[in-house]
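Each remark here refers to the structure printed beneath this line.
The values are calculated or read from the model by the stated rules, or taken from the named source; none is laboratory data. Just so you know, these numbers come straight off a predicted model, no measurement behind them. Cβ placement follows ideal geometry from the backbone for every residue including glycine, while neighbour counts extend to all protein chains displayed.
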């Protein structure tokens, strides 16, 4: 478990993290989301003892990072995929990490095999693509077989096969009872990967909940309806107070759930060919909730935010 309490970080007059409190539970993949400049990287650095908090604290299994004995055996992290000497081979890079943390040398080949780098283990890391560097960074995080894992943008540079591998791998780590905390801007992937979310903006906590709760709370669910008597049904829905918009082959109804729509259609002997709830997306929820926390808006972003905001 990771537990942050009142975590605060100032750089001169800049307040990067502001009284941040959250928990990351074991056995779950927890996504760490926020707009650019929200304080995600600073928070991760404080978790790992790379930056000292101005106030508050963050504990890993009840201890500060610097209090951990053989920390690589407790916490594994990937913050910068290119943090490696370019002239060292992948195997040599991992061997010095293992030696420095009293980890058996045979573990190096195990993690190289796990991330699919065995065939290039003897090649210079400086010649690696970003995707290969990401895999090497993940191998380093796994080296001590830790119970807690932190990943910052782990799918950067990976092809679709690599992204799918990362997703399944993180789920497997969580299923083993490990704590997995992952920061990413790829919201579509986070929707499939993270069971829980910690969302911050301007250094402050915006939300901590399950991914499902976050999406349902921030977006209005709609229902797709198809019917051979669509115009008659549309009139009845509007009269009942629902919002109806055209879709490719039917209408999308908000403000009324599928049960009430079905009952209304049945009461008026209207046939239905489709009645399917349409859940909101994580991307919609994220933009809706963090809109006020984005430091810089482009014209298109402002327009998208306006579209996503409910009519007052």
Point to revise | Residues (surrounded by fewer than 20 Cβ atoms within 10 Å (Cβ to Cβ), touching a strand residue (DSSP E or B) at 6+ places or on another chain (Cβ under 8 Å) and either within 18 Å of residue 6 (Cα to Cα) or in contact (Cβ under 8 Å) with a residue 40 or more places away in the chain (or both)) located in region 210-221 | key: 217, 220, 221
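Could you please let me know if residue 163 is in a helix (DSSP H, G or I), in the same structural domain as residue 33 (by TED's automatic domain parsing) and under 20 Å from residue 73 (Cβ atoms)?
On the way: in a helix (DSSP H, G or I): yes; in the same structural domain as residue 33 (by TED's automatic domain parsing): yes; under 20 Å from residue 73 (Cβ atoms): no.
No.
Within region 141-157, work out how many residues are in a loop (DSSP other than H, G, I, E, B) and over 20 Å from residue 107 (Cα atoms).
So the first thing to find is which residues in region 141-157 are in a loop (DSSP other than H, G, I, E, B), and the list is 143-147, 153-157.
From what's left, over 20 Å from residue 107 (Cα atoms): 153-157.
Adding up the residues that qualify gives 5.
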Point to revise | Qualifying residues in region 101-121 (those that are touching a helix residue (DSSP H, G or I) at 6+ places or on another chain (Cβ under 8 Å) and assigned to a helix (DSSP H, G or I)) - the one farthest from residue 71 (Cα to Cα) | key: 120
